[in-house]
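All remarks here apply to the structure that follows.
The values are calculated or read from the model by the stated rules, or taken from the named source; none is laboratory data. In this text the structure is predicted, and so the values were computed from the model without any measurement. Counting neighbours? That spans all protein chains shown, and the Cβs are built from the backbone with ideal geometry, glycine included. Surface areas here come from the heavy atoms of the whole protein model, side chains and all, with no ligands, DNA or RNA. Shrake-Rupley method; radii C 1.70, N 1.55, O 1.52, S 1.80 Å.
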Amino acid sequence: MKRFGLGCALLILLAAIPAYAGFGASLYVNQSSVAGSLMADMDTGTGYGAMALGAEGVYKDDDFTMLSGIFAVKNDNFMPGIRYLVGFKGFYLDAEKSGGHLDNSATGLAFLFGMGYELDAGLNPLPIPVSVDGQLAASPKPLTWQEGEYYWEARAGLGFHVLSNATIRLDFRRLSAKFEDKGHSWSKDDYNVLLGYEIRF
């Protein structure tokens, strides 16, 4: 029921995004995982960047399920060629301990920071544009609820821009969360390499 409620809230959030916003959709897979996201960028009209709103879901077979919503701002005015992302990530995480003995869940609000850079022609050996990016999200104990104690996630990726509005991506993701249930504590540490496709329209 909690997952359904969070899903409805994310759909309402996306439905409220103006029609003039730029949209992006992505799908990632590997042998045991599938992940997808919808993002919208809205120009603030102030010359100081764009507002980013979105939703993401990740499922890893017999390991964890995660749903999240993102509210952030994007800006590339500080250093030419470098894009910054600063904001918040609300999440629901349902994780299973290895061996299937425990299944716990956590909700929370994480701080979010990201950077992206398109490689200069001198550093890029390929005939298409290539970008590198990274992202860090962290939710300490005061902002992690239910059975969760904390959560953090780091991502690093490569984007191969095969078309002006389409990118093939390779992502490395590290997730760590701690749970406490009825006096028993355990941690979920996960490494995931995903191949994906992103399109903007």
So GLY148, is it open to solvent by less than 50 Å² (accessible area, probe 1.4 Å), in contact (Cβ under 8 Å) with a residue 40 or more places away in the chain and touching a Lys or Arg at 6+ places or on another chain (Cβ under 8 Å): yes
Pick from LEU85, LEU93, LEU126, LEU38: which is among the aliphatic types (A, V, I, L, M), surrounded by fewer than 16 Cβ atoms within 10 Å (Cβ to Cβ) and in contact with a strand residue (DSSP E or B) (Cβ under 9 Å, 6 or more places away or on another chain)? LEU126
Number of the condition not met by PHE113 [criteria: (1) within 21 Å of the chain's Cα centre (by Cα); (2) under 22 Å from TYR84 (Cβ atoms); (3) open to solvent by less than 60 Å² (accessible area, probe 1.4 Å)]: (3)
In region 164-185, anything out of contact with any Phe, Trp or Tyr (no Cβ under 6 Å at 6 or more places or on another chain), under 22 Å from ALA35 (Cα atoms) and not polar (S, T, N, Q) is listed as ALA166, ARG169, LEU170, ASP171, PHE172, ARG173, LEU175
Regarding region 70-81, can at least one residue be identified that is crowded, with 16+ Cβ neighbours inside 10 Å and within 30 Å of GLN31 (Cα to Cα)? yes
